[in-house]
Each structure stands twice: as C-alpha cells, then as structure tokens.
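Colleague: Take this structure first; my questions come after.
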Amino acid sequence: MAFESLSNRLNDTFRKWTKRDRINEKQLEELLAEVRSSLLDADVALSVIDDFSKTIYDQALGQKILSSLNANEALMKIIYDALVELLGPSSFEFEWPNSQKKIFMLVGLQGSGKTTSAAKLAYLLKKSGKKPLLVGADTQRPAAKEQLRILAKSIDVDFFTNDEETSALKIVNEALKNFKASDNNALIVDTAGRLHVDEELMNEVVDLSKVLKADEILLSVDAMSGQDVIHTASAFKARLDITGLVVTKFDSDAKGGAVLSVKALTKVPVKLVGTGEKVEDVDVFYPDRMANRIIGMGDLM
C-alpha cells in the first residue's frame, strides 16, 4: 500500500521520541531532521518538506510545548494536524437532492486508469443511492468505449456513447440531451487521454468542459508515476478547473511522496483512491485517516 515505507520509518522515529516527556529545542531539530529524511526518501518535493518542517517548528515554539510535561503528545498532535492540512481537504460530496443533477468529468493521461476510475466513481455514486449515467467520450483509444460499456454493465449502471461518432463534442452534446430527459441524476463523462500532455489533448478537454459545465472535474493519476503526478496535475490545472484527483494503484508499493506533495503544490486535493483492479476497489480519501495511518500512532491521536 502507498505510504507503507514512509509510515514504517516515521513510526520508528516517533516511537523513540514519544518515550520522552520533555523535549528541548535541540531535540526538536533532531526529530525534524529525521522526519525530513523520511519524507525525502518517500519522494516528497523539497519545497513541501521545508514548509512542513517550518510549520511544525514554529508551532512547537509558539505553543511553548518544549520542556513542558507531555511535550511529546503535544508535538505529535502538531505533526498530525500539519499532515492533515498537507493532505486535505476531502470534500467529495455524495449526498444531494434526488431532483438535482450533477455532472462529473474524468480527465487524465492514457494509461492512468481514467476509464476504470469513471466506472469506480459510478459504483460509489450508485452505492450512495444515485443513478449514474456513464458516457464514453474517448474517441482516441479504440477500446475505450467498449471497455466502459463492459464496466457499466458489470455494475448495472446506464451507459451512453455513439460508436459511429468520432467527435467527442458531438457525443457529449447527445449525452447531455439524454441526461436532461432521463431520471439519471449523475452524469460521468470519460474523456480521451494521450501518452503525454499536449496541446491537442488540452484543447479537446477545455472545449468539453465548456459544454459540460461540470460540477467536478477529476484528474486520474497513477500513484506509481512519482513526481510526474505533480507535473501532470499542474499542466491540467493550468487549463481546467480541476476539483480533485483520483489516484489509481494506491494499493501498490508506491512511495506516495508525490501524492503528499500534489495538494500543497497545485492546490488540487486527492478525493478518491483506487485500491485494486476491480470496480469495487475504490475508497473516498480521508486526510485525517491517512495522516493517522502514516504516523501509525492511532492510540495517541
């Protein structure tokens, strides 16, 4: 699972330090040096590490916890809060009136798990009582429409595309008309990806976003891609109002550092994580729970 090696390292570090009731400034600096080393090994961006360390240091001094009784517990709380802030917020909303219709747009590079992510989102929405309509608007990858059709059938949700149409804009316009006239209350559009960010890809998704006026534009990224997650998120954020990330392969042994960095550097929070290959293998991302897991000090929290 992502963050596992980081969690193990931080766990070992904190267990040493939480045995001390009192901590002085020099010891705080030594602790932060170990934390910095763990974050660097996990591939967290250096600027994010610097800001994170400064936040903890300043708050520890500002709250005057050093040399006080149970300083270790107070310091752990500061570190926990800083991690939650770094990872959050999580604002994915599944509840809305049945009379209201919401539109979701999935974007991302080819191979990032975008099409499967669209189906996983449909699964979660159906599970919460919504009636989603999946739309295959990826006209670049030959198998994309058929893949989404099969996934939609596997979870028994409605599906729409036009197999003869090569214009994603026309497919989306047709889908919108069907959606407005139907009893579906969630429209999920799978768009085309490329092997890399290019002008053609960006122009297409920008045009689609203008037509859809989506409530959520979710960027699908692969946890195994490391720092490329940050570059991809930055590129899409520059052209689209990205509301969140769907991180795939979160069950892998990815270091996870880039996921830690992406919200701080792009202001795009993680909202969903794929935890396996099946459509059902998906979770809402809760920053507080993840921070707890990374620190590995649940009882103390």
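The values are calculated or read from the model by the stated rules, or taken from the named source; none is laboratory data. Source: prediction; values computed, not measured. Cβ placement follows ideal geometry from the backbone for every residue including glycine, while neighbour counts extend to all protein chains displayed. When the accessible area is computed, the model is the full protein with side chains, heavy atoms only, and any ligands, DNA or RNA have been set aside. Shrake-Rupley method; radii C 1.70, N 1.55, O 1.52, S 1.80 Å.
Colleague: Report for the chain the percent antiparallel among DSSP-assigned beta bridges with both residues inside it, nearest 5. Please list the in-between numbers first.
Modeller: Numbers: 3 of 29 bridges.
The antiparallel fraction comes to roughly 10 percent.
Colleague: Exactly which GluC sites (Glu not before Pro) in the stretch 36-145 are in a DSSP loop and have at most 15 other Cβ atoms within 10 Å?
Modeller: Numbers: sites: GLU73, GLU85, GLU93, GLU95; in loops: GLU93, GLU95.
Loop-located and lightly packed - GLU93, GLU95.
Colleague: Express in nm, to one decimal, how much length is gained between ILE150 and ASP163 on full extension, taking 0.36 nm for each residue of separation and deducting their alpha carbon distance. Could the numbers behind the result be given before it?
Modeller: On the way: separation 13, 0.36 × 13 = 4.68 nm, distance 1.39 nm.
Between ILE150 and ASP163, full extension yields 3.3 nm more.
Colleague: How far is it, in nm, from the label point at GLU34 to the one at THR55 when both lie 7 Å from their Cα along the line to the Cβ?
Modeller: Simple spin-label model gives 2.2 nm for this pair.
Colleague: What do you get for trypsin sites (Lys or Arg not before Pro) in the stretch 201-270 restricted to DSSP loop and a cutoff of at most 14 other Cβ within 10 Å of the site's Cβ? Before the final figure, lay out the partial values.
Modeller: On the way: sites: LYS210, LYS213, LYS237, ARG239, LYS249, LYS255, LYS263, LYS267; in loops: LYS213, LYS249, LYS255, LYS267.
Of the trypsin sites (Lys or Arg not before Pro), the ones in loops of the stretch 201-270 whose Cβ has at most 14 other Cβ atoms within 10 Å are LYS213, LYS267.
Colleague: Then there's this: Which ³J(HN,Hα) values in Hz, rounded to whole numbers, follow from the phi angles of the stretch 218-230 under the Karplus curve 6.51 cos²θ - 1.76 cosθ + 1.60, where θ = phi - 60° and Gly and Pro get x?
Modeller: 9, 9, 8, 9, 8, 4, 7, 7, x, 4, 4, 4, 5
Colleague: Using the Kirkwood radius over C-alpha pairs as Rh, can you work out the diffusion coefficient of the chain via Stokes-Einstein at 20 °C, viscosity 1.002 mPa s, in µm² per second?
Modeller: On the way: Rh = 20.4 Å.
Rounded, D is 105 µm²/s.
Colleague: For the chain, what is the accessible area per residue in Å² when the probe is 1.4 Å?
Modeller: On the way: 13680 Å² over 301 residues.
Per residue, the chain has 45 Å² of solvent-accessible surface.
Colleague: On to the next question. Quick check on the stretch 169-301: of the DSSP beta bridges with both residues there, what percent are antiparallel, nearest 5%?
Modeller: 25 percent
Colleague: Still on this model: Report the local net charge at LEU265: Lys and Arg +1, Asp and Glu -1, summed over other residues whose C-beta lies under 15 Å from its C-beta. Let's see the in-between values first.
Modeller: Details: positive: LYS237, LYS263, LYS267; negative: ASP43, ASP50, ASP51, GLU85, ASP228.
Net local charge, LEU265 excluded: -2.
Colleague: Using alpha-carbon positions, what is the distance between the centroids of the stretch 118-155 and the stretch 181-219, in Å?
Modeller: What the calculation gives is 14 Å, centre to centre.
Colleague: Something else now. Suppose only helical runs count, i.e. DSSP H with n ≥ 4. What mean residue ellipticity at 222 nm does that imply for the chain under -39500 (n - 2.57) per run, divided by all residues and rounded to the nearest 500 deg cm²/dmol? Write down the numbers at each step before the final one.
Modeller: Values: 11 runs with 149 residues, N = 301.
Computed mean residue ellipticity for the chain: -16000 deg cm²/dmol.
Colleague: May I pose another question? Taking 31 Å as the cut-off for C-alpha to C-alpha distance, list the pairs among LYS54/LYS278; LYS26/LYS267; LYS153/LYS213; LYS131/LYS210 that go past it.
Modeller: Details: LYS54/LYS278 41 Å; LYS26/LYS267 33 Å; LYS153/LYS213 26 Å; LYS131/LYS210 24 Å.
Result: LYS54/LYS278; LYS26/LYS267 exceed 31 Å.
Colleague: Provide the three semi-axes, in whole Å and in decreasing order, of the ellipsoid equivalent to the stretch 168-223 as defined by the square roots of 5 times the Cα gyration tensor eigenvalues. Kindly include the intermediate steps, with their values, before the conclusion.
Modeller: Numbers: eigenvalues 104, 37, 16 Å².
Gyration-tensor ellipsoid for the stretch 168-223: 23, 14, 9 Å.
Colleague: Now for a different question. Determine the share of the chain's accessible area contributed by carbon and sulfur atoms, expressed in whole percent, with a 1.4 angstrom probe. Kindly include the intermediate steps, with their values, before the conclusion.
Modeller: Values: 6630 of 13680 Å².
Solvent-exposed carbon and sulfur of the chain make up 48 percent of the total.
Colleague: Relative to the longest principal Cα axis of the chain, at what angle does helix 46-62 sit, 0 to 90 degrees, rounded to 10?
Modeller: 50 degrees
Colleague: Where Lys and Arg each count +1 and Asp and Glu each count -1, what net charge lies around LYS126 among other residues with Cβ under 12 Å from its Cβ? Numbers along the way, then the final one.
Modeller: Numbers: positive: LYS120, LYS127, LYS130, LYS131; negative: ASP156, ASP158, GLU280.
Result for the neighbourhood of LYS126: +1.
Colleague: Here's a follow-up. Relative contact order of the chain, please, whole-number percent, based on alpha carbon pairs below 8 angstrom and at least 6 residues apart.
Modeller: Numbers: 548 pairs, mean separation 79.8, N = 301.
Normalised by residue count, the contact order of the chain is 27 percent.
Colleague: Sticking with this structure for a sec: What number do you get for the stretch 1-160 when its Cα radius of gyration is normalised by 2.2 N^0.38 Å, N = residues?
Modeller: Dividing the Cα radius of gyration by 2.2 N^0.38 Å gives 1.51.
Colleague: Just to confirm a number: summing +1 for Lys and Arg and -1 for Asp and Glu over residues other than ASN185 whose beta-carbon lies under 9 angstrom from that of ASN185, what do you get? If you can, show how the numbers build up before the last one.
Modeller: Numbers: positive: LYS101, LYS102, LYS130, LYS131; negative: ASP183.
It works out to a net charge of +3.
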